[in-house]
Amino acid sequence: MTTTLPPEQIRRLIVIRANDPRPMHAWAGTRMTDAPLEALTWSRRARTADPLAAPPRQREALALWHLGRAAEADIAGRRCVLLDPGDWHAWINIGNVKKRLGDSAFALRTCAWSKAAGAPFVMAGMNAAVLHLRRGDFEAGWPLYRARHGTLGADPASVWPDLPEWDGRPIGGRLRLLTEQGIGDTIMFLTLVSAVRDRVGSLTLLVNQRLRSLVRRSFPDVQVVAPDTDGVLEPLPVAKAWICAGDLPATLGLFTGGTVRPSSYLSVDPEHRRMIRARLQRRHPGKRLVGITWTSKAEDGWRRTVHPSLWYPLSDIEDVALVSLQYAASAGDLAAFGDRLDIDHGVDPLVNLDGLAALVSAMDSVVSPPNNTVHFAGALGIPSHVLLPVDPDWRWGEDGADNLWYENTRLYRQRRDGDWVPVIAEVAGFLESKETMRRERSIPQPTA
């Protein structure tokens, strides 16, 4: 029995077959995303009804994972593989839990075990890739990072089957560079475009429609194209090869001993930036403009949410004015900030990415959990303070305050899941230091 049955049918089966663990297990699956606590309750009922069955324990572990109870999820997951060591899904789940708990070495071993149990490369390979990359083992991680193509649902080689994939060697003709994944990934990987241009005759860059005007301004000597609202792409000039943006690090040997390094590149509308900054400075004369975001609408956004009340140590700094860079800010959050946060800048970050770039460039610095905003700030060269949850994404590394992708970015790491108080205190202390004041005021602002 699976969760593909209509929910109302599963509910009827629970009533009709009161002691059957299968409909309990299926119902837990339907509630996993919207109500993980309810999913936990039903998975445990299924486990009680059939103590020797592995699937209820696997679903129990997944529910505990969604609830942020990683240590308990670890126990449930290990019991699952004891019952069925041939279930590769269980090994994948244990690997994710171990990664969250900080045991990267064990998590890497589960990648091999899941592969031996039959896990597809897209799962085992991608899990291994992010573990290697986060540990700084780029030579091992970049080749495995190609596994992400399977998660995107299509083989990029099928887009232009008559063209070879670029191998990084110089070519005299045109290269087609295909961006992929989310907005933040695109902004990050495009920090390598300058290295690409040095090796090719000319470049065609395919981007998301929402980024086209910003990227065109940033790379005036590159052909930047995007599908129209109907998904139709204009005819492209003849090219010699193609490559996906996410494969540039492997192709260019990034962070593996070579000379290629990411570089800031975004260029905003200077008049728009000037107007935003002038308006904010009139309201906050003599103060540093510190742009912030505090939440994410992603599935794991709760892990990257810093409640408005926790930002008070920053808003209490005498020469700092907090400015909202948050997209889709709720009325409740804005009410909680009150007059501690300036929201009157005329930019909707959700719909106007060109405007968001101008807004970010008008800041003296940015403080935010990891999201698109910190990528914009990094690619603009704006000093940024990134608030990392426990078990951050691979691009932020396992430890340390420096970031390899963005020169003016400083990382602040959560030491206990959900505890942002010491993280915010560390940022506040850094912003209050005289050296920080001098540094942030002396950094040149982005120009067109």
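The values are calculated or read from the model by the stated rules, or taken from the named source; none is laboratory data. The model shown is predicted, which means the values in this text are computed figures rather than measured ones. Methodologically, a virtual Cβ is constructed for each residue, glycine included, from the backbone with ideal geometry; neighbour enumeration extends over all protein chains shown.
Points to keep in mind about this one:
- Scope the stretch 394-425; condition among the charged types (D, E, K, R) and in contact (Cβ under 8 Å) with a residue 60 or more places away in the chain; matching residues: R395, E398, E407, D417
- Some residue of the stretch 109-126 being aromatic (F, W, Y), touching a helix residue (DSSP H, G or I) at 6+ places or on another chain (Cβ under 6 Å), under 15 Å from G77 (Cα atoms) and in the same structural domain as L64 (by TED's automatic domain parsing): yes
- The lone criterion from (1) surrounded by fewer than 22 Cβ atoms within 10 Å (Cβ to Cβ); (2) over 22 Å from V390 (Cα atoms) left unmet by I10 is number (1).
- The stretch 309-333, residues that are among the aromatic types (F, W, Y), under 20 Å from V374 (Cα atoms) and without any contact (Cβ under 8 Å) to a residue 60 or more places away in the chain: Y327
- Residue match in the stretch 299-308 (condition: touching a residue at least 24 places away in the same chain (Cβ under 8 Å), closer than 19 Å to R282 by Cα and not assigned by TED's automatic domain parsing to the domain that holds R217): no
- Remark: pairs (first residue in the stretch 219-232, among the polar types (S, T, N, Q); second residue modelled with pLDDT of 95 or more and not in a loop (DSSP other than H, G, I, E, B); Cβ separation under 6 Å; 6+ apart in sequence or on different chains) = Q223/T204.
- Looking across the stretch 13-36 at every residue that is of a type outside the set (A, V, I, L, M) and farther than 26 Å from K297 by Cα, the one that is surrounded by the fewest Cβ atoms within 10 Å (Cβ to Cβ) is identified as N19.
- Residues of the stretch 248-272 that are farther than 15 Å from S194 by Cα, of a type outside the set (S, T, Y) and in contact (Cβ under 8 Å) with a residue 12 or more places away in the chain: A250, F255, V268, D269, P270, H272.
- Residues located in the stretch 75-103, provided they are surrounded by fewer than 17 Cβ atoms within 10 Å (Cβ to Cβ) and within 20 Å of L133 (Cα to Cα): G102, D103
- Condition check for F138: closer than 30 Å to A239 by Cβ, out of contact with any Pro (no Cβ under 6 Å at 6 or more places or on another chain), modelled with pLDDT of 95 or more and outside the structural domain of V200 (by TED's automatic domain parsing): yes
- Test: A61 is out of contact with any Gly (no Cβ under 7 Å at 6 or more places or on another chain) and of a type outside the set (D, E): no
- Pick from the stretch 37-54, criterion within 30 Å of the chain's Cα centre (by Cα) and surrounded by fewer than 24 Cβ atoms within 10 Å (Cβ to Cβ), ranking: farthest from R11 (Cα to Cα): L37
- Flag if W160 is over 20 Å from the mean Cα position of the chain (by Cα), aromatic (F, W, Y) and outside any loop (DSSP other than H, G, I, E, B): no
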